[in-house]
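Colleague: Take a look at this one; I'll ask things after.
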Amino acid sequence: MKRENKIIKYSIIGLLIIMALLFILGTFFDLSISKKLADVKTGEYYTRNHFVNLLEAFSELPVYLFVIFSVGVCGYNLAQKEKDVIKKVYIFVTAVIIFCVGVIGAYRMVGMLGEIYDFQDECEKVLPIICYCLFALLCIGLEFLILTNISKETIKKLYYFCWAVIVAVALTFIFTRVIKAFWSRLRFRALKCMDDYSQYRAWYKPLFNKKVTEDMGISEDAYKSFPSGHSSFVASLLIISFVYKFIDISEKAKYFCFFIPVVYLIIIAISRIVAGAHYLTDVLAGSGIAILINYLSIKKFKKIYEKKKENGEIYE
């Protein structure tokens, strides 16, 4: 088992080294790489590649589902410690939070697709809103179905891991958005839309809260290239590779928990470059932020978990 854990450890280190080397490469060749890979026509802001557009809209779905599962585990575990009335309150509040996450996630994803294909106004009408609510209710139903088929002891062990997930995803979202607004790097597809590469700036030359002006004729989010929000959000899924620190899983499951999120992240990162939404350094910076926050969150909640185990509150 120690040998297998070392393989995962070295794989993570190898991934970080590759990311660092690619970041150095991107620092010098970001624009050239985007010119080669981006599938965006001159004078247009969005790519006509439908597969890439679907990934842009729905790539964050697994993250929303992961957060919903984590909220359910935390709420369910807290409810088990209380008496009937308080227990029902905890379950109700958990269901409300899951519902809100489901609605927000569905609205954001469909809204993003609407922005790409110019039907954003339709996304806020009654029928789509009903669909968002139905999706959220489906999430609640699936969550409680899953939780009722997991042992209480497993849920108790997953409790601190799930808190680590919630905190990591929330902090990743906040940090990425703050840096985006502050850094104000112009997207490659904005350069293509304006047919003006002279406005390209390397990642280490922030514009400090630059805004799009009407005469530019591009989307309001054009100055939000660095770091990549999609890449950071999807990279949050890599936190699942640490689940073995809280519950016993097979060696095959450990590999699955590491390599599947990595492969998915690579696909999404490449798709963001192809879409012209980000440069290589953008997706690497976003991924790096998420990985760092994942590590710190796991480290913090693992300590809490170990203390609880020492006090006999959690049993192996």
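The values are calculated or read from the model by the stated rules, or taken from the named source; none is laboratory data. Because the structure is predicted, anything quoted here is derived from the model rather than measured. Neighbour counts are summed over all protein chains in view; Cβ atoms, including those assigned to glycine, are modelled from backbone coordinates with ideal geometry.
Colleague: Kindly indicate which of Thr176, Thr213 is surrounded by 23 or more Cβ atoms within 10 Å (Cβ to Cβ), within 30 Å of Tyr45 (Cβ to Cβ) and not charged (D, E, K, R). Give the derivation first.
Modeller: Working: Thr213 fails: surrounded by 23 or more Cβ atoms within 10 Å (Cβ to Cβ).
After ruling out the rest, the residue left standing is Thr176.
Colleague: Something else now. Considering only region 62-72, I want to know if a residue exists there that is over 28 Å from Ser225 (Cα atoms), of a type in the set (A, V, I, L, M) and at pLDDT 95 or above.
Modeller: Pass one, region 62-72, residues over 28 Å from Ser225 (Cα atoms): 69-72.
Filter once more, keeping what is of a type in the set (A, V, I, L, M): 71.
Narrowing the set further to residues that are at pLDDT 95 or above leaves 71.
Yes, that holds for at least one residue.
Colleague: For region 229-316, list the helices (runs of 4 or more DSSP H) that sit wholly inside it and hold at least 3 residues that are hydroxyl-bearing (Ser, Thr, Tyr) and touching a residue at least 60 places away in the same chain (Cβ under 8 Å); which are they?
Modeller: Details: elements: 229-235, 251-274, 280-310.
By residue number, 251-274, 280-310.
Colleague: What number of residues in region 36-87 are in contact (Cβ under 8 Å) with a residue 12 or more places away in the chain and of a type in the set (D, E, K, R)?
Modeller: Here the count works out to 5.
Colleague: Only one of (1) modelled with pLDDT of 90 or more; (2) surrounded by fewer than 22 Cβ atoms within 10 Å (Cβ to Cβ); (3) under 11 Å from Lys224 (Cα atoms); (4) out of contact with any Pro (no Cβ under 9 Å at 6 or more places or on another chain) is not met by Leu186, so which one is it?
Modeller: Unmet for Leu186, out of (1) modelled with pLDDT of 90 or more; (2) surrounded by fewer than 22 Cβ atoms within 10 Å (Cβ to Cβ); (3) under 11 Å from Lys224 (Cα atoms); (4) out of contact with any Pro (no Cβ under 9 Å at 6 or more places or on another chain): (2).
Colleague: Go through region 1-38 residue by residue and tally those that are assigned to a loop (DSSP other than H, G, I, E, B) and either surrounded by 14 or more Cβ atoms within 10 Å (Cβ to Cβ) or of a type in the set (Ser, Thr, Tyr) (or both). Walk me through it before giving the result.
Modeller: Within region 1-38, the subset assigned to a loop (DSSP other than H, G, I, E, B) is 1, 38.
Okay, now just the ones that are also either surrounded by 14 or more Cβ atoms within 10 Å (Cβ to Cβ) or of a type in the set (Ser, Thr, Tyr) (or both), so 38.
Adding up the residues that qualify gives 1.
Colleague: Inside region 92-143, can you point out the residues that are farther than 19 Å from Phe69 by Cβ, basic (Lys, Arg) and within 20 Å of the chain's Cα centre (by Cα)?
Modeller: None - no residue of region 92-143 is farther than 19 Å from Phe69 by Cβ, basic (Lys, Arg) and within 20 Å of the chain's Cα centre (by Cα), so the list stays empty.
Colleague: What is the residue count in region 146-174 for residues that are modelled with pLDDT under 95, part of a helix (DSSP H, G or I) and hydrophobic (A, V, I, L, M, F, W, C)?
Modeller: The total comes to 4.
Colleague: Also, I was wondering about something else. Do we have Thr154 as farther than 14 Å from Gly229 by Cα, in contact (Cβ under 8 Å) with a residue 40 or more places away in the chain and surrounded by fewer than 19 Cβ atoms within 10 Å (Cβ to Cβ) here? It would help to see each step written out before you state the result.
Modeller: On the way: farther than 14 Å from Gly229 by Cα: yes; in contact (Cβ under 8 Å) with a residue 40 or more places away in the chain: yes; surrounded by fewer than 19 Cβ atoms within 10 Å (Cβ to Cβ): yes.
In short, yes.
Colleague: Another one. Quickly run through region 175-189 and pick out the residues that are in a helix (DSSP H, G or I) and polar (S, T, N, Q). So that I can check it myself, show each step before the final result.
Modeller: Here is the first cut: in region 175-189, the residues in a helix (DSSP H, G or I) are 175-183, 188-189.
Of everything in region 175-189, just one residue is in a helix (DSSP H, G or I) and polar (S, T, N, Q), namely Thr176.
Colleague: Under 6 Å between Cβ atoms, at least 6 apart or on separate chains: pull out the pairs that start in region 104-128 with a residue that is over 22 Å from Pro62 (Cβ atoms) and end on any residue that is at pLDDT 90 or above and in a helix (DSSP H, G or I).
Modeller: Gln120/Gly114
Colleague: What's the total number of residues in region 39-65 that are within 23 Å of the chain's Cα centre (by Cα) and either crowded, with 19+ Cβ neighbours inside 10 Å or among the aliphatic types (A, V, I, L, M) (or both)?
Modeller: We begin by selecting, within region 39-65, every residue within 23 Å of the chain's Cα centre (by Cα); these are 46-47, 49-65.
Add one more test, that the residue is either crowded, with 19+ Cβ neighbours inside 10 Å or among the aliphatic types (A, V, I, L, M) (or both), and what stays is 46-47, 52, 54-57, 59-61, 63-65.
Total satisfying the criteria: 13.
Colleague: Could you check how many residues of region 12-66 are among the acidic types (Asp, Glu) and in contact with a His (Cβ under 9 Å, 6 or more places away or on another chain)?
Modeller: So the count comes out to 2.
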